[in-house]
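Peer 1: One structure, as structure tokens, below. Some questions next.
The values are calculated or read from the model by the stated rules, or taken from the named source; none is laboratory data. Keep in mind that this is a model prediction, so the values were computed, not measured. So basically every Cβ, Gly included, is an ideal-geometry build from the backbone, and we count neighbours across all protein chains shown. Accessible surface areas use protein heavy atoms only, side chains included; no ligands, DNA or RNA. Shrake-Rupley method; radii C 1.70, N 1.55, O 1.52, S 1.80 Å.
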Amino acid sequence: GLGFNIVGGTDQQYIANDSSIYVSWIKKDGAAYLDGRLQEGDKILAINGKDLKDLRHKDAVELFRNAGYYVSLKIQRRLQPQNGPVGHRGDGESGGLPLAAILVPGLALAATAVWILLRYRQRM
């Protein structure tokens, strides 16, 4: 497969009053992941030149299944994240901690240790 899941369609709107097709999940090490251009939350406007507007979900899925070996997607990148299941991996894999959540406390601890060491040396 293409290595990603989609949500949306006229019969399964992902966003209220919007029947567009969206990328809900990208499989790690799948084709889309390895290509690196597609992101979770992207709106897919067309596949291989075929417009996805006003399609039922199952009809959109069928277009993706029959896309062939070379696939061209026209997408619209979402600028602001919205509430909803986009970004949920569904495989129990955590998104991890932001780097700052590790570095800031670590640097504060290191600075405190240096300060204590310097104070201890001054007393000797």
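Peer 1: Every residue in segment 53-71 that is farther than 18 Å from Trp25 by Cα, open to solvent by less than 90 Å² (accessible area, probe 1.4 Å) and part of a loop (DSSP other than H, G, I, E, B), please.
Peer 2: Leu55, Ala67, Gly68
Peer 1: Same structure again: Anything in segment 36-63 that is farther than 18 Å from Asp11 by Cβ, under 20 Å from the mean Cα position of the chain (by Cα) and without any contact (Cβ under 8 Å) to a residue 40 or more places away in the chain? List them, or say none.
Peer 2: First, the residues of segment 36-63 that are farther than 18 Å from Asp11 by Cβ: 36-42, 45-50.
Adding the requirement that they be under 20 Å from the mean Cα position of the chain (by Cα) leaves 36-42, 45-47.
Answer for segment 36-63, where residues must be farther than 18 Å from Asp11 by Cβ, under 20 Å from the mean Cα position of the chain (by Cα) and without any contact (Cβ under 8 Å) to a residue 40 or more places away in the chain: Gly36, Arg37, Leu38, Gln39, Asp42, Leu45, Ala46, Ile47.
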